[in-house]
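K.L.:
Please find one structure pasted underneath; my questions will follow.
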Amino acid sequence: MAQVKAYVRPMQGWWRRNPYFVRYMFREASSVFLAIYAFILLVGLARLAQGEAAYNAWLTALASPASVVFHWFALLTVGYHAYTWWQVAPKSAPDIRIGGRPLSQMVITAGGWLATLGASALIYVIVRWM
Amino acid sequence: MAEPRTIKIEVLRYNPERDLEPHFQTFEVPFTPDTSVLQGLQYIKDHLDGSLTFRWSCRMAICGSCGKMVNGKPVLSCHTFLRDYYPKVRIEPLDHFPILRDLAIDQTDFVNNKLPSVKPYLMPKDEKPVSEGPFLQTPAQLQQYYQYSQCINCLLCYAACPQYGLNAKFTGPAALALLHRYNADSRDQGWEERAELLDAEEGVWGCTLVGYCSEVCPKQVDPAHAINQNKVNSAMDYFGLLKFLMPRGGA
């Protein structure tokens, strides 16, 4: 067969072409804010180890308007990240079968949310009353 | 019978002997509620422009030849109806593949490279003579891989996979789902021979779980599930655990 001059389409801007890919990119980007939030928490731990004054300075920094705005934004993006996390969790789960029938992927997603809400409630109770 | 309406079909045209890059051409095509997108293309070829090039065969969603991008989504054009796109629809060749001509893509990479690379055949531990009868399997063992054996190689999942579009070395959804189909088969003991590819960057780790492959699959194969459960297997293989956990042993 004679060689044909095939045309290769560019991939530039691929993620804007389909709403599914846009949601995927938001999912990936939301993990950045999760990482920043975790890093701030780690800094707090290090400041606690340095003594009371250092820890109080960290608490003061947290109360600044910029920090409050960031944490509200991080909470929203982390919420979205958790939502996408449980959406894709069934894809990483092993092939679970009960009585020969595959376990519905909805059950895994719902189970993940139950675990998330349960853990959140437990942490709230511990922080609030203990 | 319903009175035919007319729909505008925008088709991506590319003639390798004449064009530097593809362009759209619009056709007016009459259709009824049961006219598929494929039949719309056939109408163009029969009545408006005989040079329009596209692949098709069975017209009933089993041969896997007629995949196209319809309004930007990969679908089987025989399984998609013009009534859902009135008054206008855009048809392009499957994304992420080189265009040979009009809507015909170059499938060579999948057929010659990706598909053979996963060794898509049974590798029993010990061959036995035909006189000893078949390798028996229980219905439960069949269910372990049945879903993944339903792939028709239509390549919609590759058109849905940006990772394949960005790096064509990635083995891709259908081939990796087929790899899992044989690994999950109780008659097969070839997982160690397939492990080098599975564990590689071009194997399951090239997947970032976009998940669109499983959305567009017309046969509910769920390649994203096949690939991502094997990331766990690949990690266990890395730590040498798989040999203990795979009861069927190596080929």
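K.L.:
Kindly indicate whether B:G50 is surrounded by fewer than 13 Cβ atoms within 10 Å (Cβ to Cβ) and either not assigned by TED's automatic domain parsing to the domain that holds B:G211 or not in a strand (DSSP E or B) (or both).
P.N.:
Criteria met by B:G50.
K.L.:
Output the strands (runs of 3 or more DSSP E) that fall wholly within the range B:55-131 and possess 2 or more residues being more than 27 Å from B:A200 (Cβ to Cβ) and over 16 Å from the mean Cα position of the chain (by Cα), or say none.
P.N.:
B:88-92, B:99-101
K.L.:
Here is a check on your reading of the model: is B:Y182 outside the structural domain of B:M60 (by TED's automatic domain parsing), over 14 Å from the mean Cα position of the chain (by Cα) and in contact (Cβ under 8 Å) with a residue 40 or more places away in the chain?
P.N.:
When the stated conditions are applied, B:Y182 passes them.
K.L.:
Continuing with this model, one more query. Which residues, taken from the range B:191-215, are crowded, with 21+ Cβ neighbours inside 10 Å, more than 14 Å from every other protein chain (Cβ to nearest Cβ) and not in a helix (DSSP H, G or I)?
P.N.:
The answer is B:G203, and nothing else.
K.L.:
To continue, here is another question. Let me spell it out: the conditions are (1) free of Cβ contacts under 8 Å to residues at least 24 places away in the same chain; (2) at positive phi; (3) hydrophobic (A, V, I, L, M, F, W, C), and B:L155 meets all of them except one. Which number is the exception?
P.N.:
Of (1) free of Cβ contacts under 8 Å to residues at least 24 places away in the same chain; (2) at positive phi; (3) hydrophobic (A, V, I, L, M, F, W, C), only one is false for B:L155: (1).
K.L.:
Now for a different question. If you take the residues in the range B:225-246 that are at the interface with another protein chain (Cβ under 8 Å from one of its Cβ atoms) and within 19 Å of B:Q143 (Cβ to Cβ), which one is surrounded by the fewest Cβ atoms within 10 Å (Cβ to Cβ)?
P.N.:
B:Q229
K.L.:
What number of residues within the range B:52-80 satisfy the criterion of being farther than 18 Å from B:A160 by Cβ, in contact (Cβ under 8 Å) with a residue 24 or more places away in the chain and either touching an Asp or Glu at 6+ places or on another chain (Cβ under 7 Å) or among the hydroxyl-bearing types (S, T, Y) (or both)?
P.N.:
Residues meeting the conditions: 3.
K.L.:
Continuing with this model, one more query. What number of residues in the range A:1-42 are within 11 Å of chain B (Cβ to nearest Cβ), in a helix (DSSP H, G or I), among the hydrophobic types (A, V, I, L, M, F, W, C) and surrounded by 16 or more Cβ atoms within 10 Å (Cβ to Cβ)?
P.N.:
3
K.L.:
Also: Within the range A:105-117, does at least one residue satisfy the condition of being within 14 Å of chain B (Cβ to nearest Cβ), under 13 Å from the mean Cα position of the chain (by Cα) and either free of Cβ contacts under 8 Å to residues at least 24 places away in the same chain or part of a helix (DSSP H, G or I) (or both)?
P.N.:
Within the range A:105-117 (the criterion being within 14 Å of chain B (Cβ to nearest Cβ), under 13 Å from the mean Cα position of the chain (by Cα) and either free of Cβ contacts under 8 Å to residues at least 24 places away in the same chain or part of a helix (DSSP H, G or I) (or both)), the answer is no, since none of the residues qualifies.
The values are calculated or read from the model by the stated rules, or taken from the named source; none is laboratory data. Only a predicted model underlies this, so the values are computations on that prediction, with no experimental measurement involved. Please note: Cβ atoms are built from the backbone with ideal geometry, for glycine as well, and neighbour counts cover all protein chains shown.
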